[in-house]
Amino acid sequence: MLKPDFFNKPSRPGVYFFKKKSGEVLYVGKALSLRDRLKSYFQIGVPEKTKKMLTQAESLKYIETGSEFEALILEVVKIKKYRPKFNVIFKDDKSYLYIVISKDKYPRLILCRKTQLIDIPSSYTYGPFENSRDVKHILDLIRRIYPFSHHLPGSRPCFYSQLGLCNPCPSSIELQKSSKYKKKLKIKYIINIKGINKILSGKISSLEKNLSKQMQRLANSQKFEEAKQLRDQIKLLQNRSITFYTPDSYLRDPNLLEDIRDKEIIELKKILDKFLMIHAIHRIECFDASHLAGSFPTASMVTFLN
């Protein structure tokens, strides 16, 4: 049985694996803070299913991630790969949520409970997710990159189309009189859905490469407006709030973040060595001072440790 050695775990987002002695994965979970989440497993009052899982677990592994979003995606990918015994048991809970890409003419992204899955013909299903906040966070971030619809075509464009979050809107596509333009919009919508599928599957690096190639082809063909749209999508993909590294990156190197931080420190020291005599960098203090035409002076300091 495991010993509660959670105090030496990082207070960062990540994914953790409870394993048997044989190496079989019993349960995969994600956490905003690995230390706090793992600590909760050894407190009084944990559910019986959790107690049963802990009695069978012989080892605990974890992968630290750069953001909560990365942890969410990595968790889903690993549950799908390992099909852990206790994830399946917990998945039987009807309250768990799933992201579904429907089989409609214009595939929709639908958030549903397990009991609703049977009523929605789907091409892809992602989950389970423990709470609605996680799922909504994922969908809000993805929608900035690839707009999508959660409704069937109607008599007029939806409210989200005015915000650019359902673009092209299936209702707008169906209302087009030009069959050529209608086909072009439909292809664009399907491309958006394929991009979402890749993000939810953790294939973000390959998606980014494909977008870069498409952008270059469009620029070479002097289709600058379309190339700019792809450039904006690539920028959003590269934004920290979405993701930096794919699940495969973390699996190839579980110490990925630590290795990157070490490399960054070395590169920073090389820059500073040109101006300052510094032996090691353990603490960085950054100051900022401002005023309003000489009045109301304000100063702040941000400190980075290790």
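Of the peptides 291-300, 186-195, how do they stack up when ordered by the mean number of other Cβ atoms within 10 Å, highest first?
Answer by packing, highest mean first, reads 186-195, 291-300.
Kindly report the accessible area of the range 118-215 per residue (heavy atoms of protein chains, probe 1.4 Å, no ligands, DNA or RNA), in Å².
Heavy-atom SASA per residue in the range 118-215 reads 57 Å².
Taking the Cα centre of the chain as origin, work out the dipole magnitude from +1 charges on Lys and Arg Cβ and -1 charges on Asp and Glu Cβ, in debye rounded to 20.
My answer is approximately 1360 debye.
Express in Å², to the nearest 10, the accessible area of Asp262 obtained by rolling a 1.4 Å probe over the protein heavy atoms while all chains stay in place.
Counting only protein heavy atoms, Asp262 exposes about 80 Å² to solvent.
Give me the accessible area per residue for the range 21-104, probe 1.4 Å, as a whole number in Å².
Per-residue accessible area for the range 21-104 comes out at 48 Å².
State the percentage of accessible surface on the chain attributable to carbon and sulfur atoms; use a 1.4 Å probe and exclude ligands, DNA and RNA.
After summing per-atom areas, the C and S share lands at 54 percent.
Based only on the alpha carbon positions, what is the Kirkwood hydrodynamic radius of the range 110-170, in angstrom?
13.1
What residues qualify as long-range amide H neighbours of Tyr124, i.e. H under 5 Å apart, gap of 5 or more or another chain, H built at 1.01 Å from N?
Ile101
Determine the order of Thr303, Thr55, Thr50 by accessible area, beginning with the largest, at a probe radius of 1.4 Å.
Ranked from most to least accessible, the order is Thr55, Thr303, Thr50.
Can you compute 3J(HN,Hα) from phi for each residue in the range 61-70, using the Karplus curve 6.51 cos²θ - 1.76 cosθ + 1.60 with θ = phi - 60°, rounded to whole Hz and x for Gly and Pro?
Rounded to whole hertz, the list is 10, 8, 10, 6, 10, x, 7, 5, 4, 4.
Taking just the alpha-carbon atoms of the chain, what radius of gyration and Dmax come out, in angstrom?
23.5, 70
Counting helices only, and only those DSSP H runs with n ≥ 4, report the 222 nm mean residue ellipticity of the chain as the sum of -39,500 (n - 2.57) divided by its residues, in deg cm²/dmol to the nearest 500.
Rounded to the nearest 500, it is -14000 deg cm²/dmol.
So what is the diffusion coefficient of the range 109-218 in µm² per second by Stokes-Einstein at 20 °C and 1.002 mPa s, using a Kirkwood Rh over Cα pairs?
138
The values are calculated or read from the model by the stated rules, or taken from the named source; none is laboratory data. No experiment lies behind these values; they were computed from the predicted model shown. Quick reminder, even Gly has a Cβ in these numbers, built from the backbone with ideal geometry, and neighbours come from all protein chains shown. Surface areas here come from the heavy atoms of the whole protein model, side chains and all, with no ligands, DNA or RNA. Shrake-Rupley method; radii C 1.70, N 1.55, O 1.52, S 1.80 Å.
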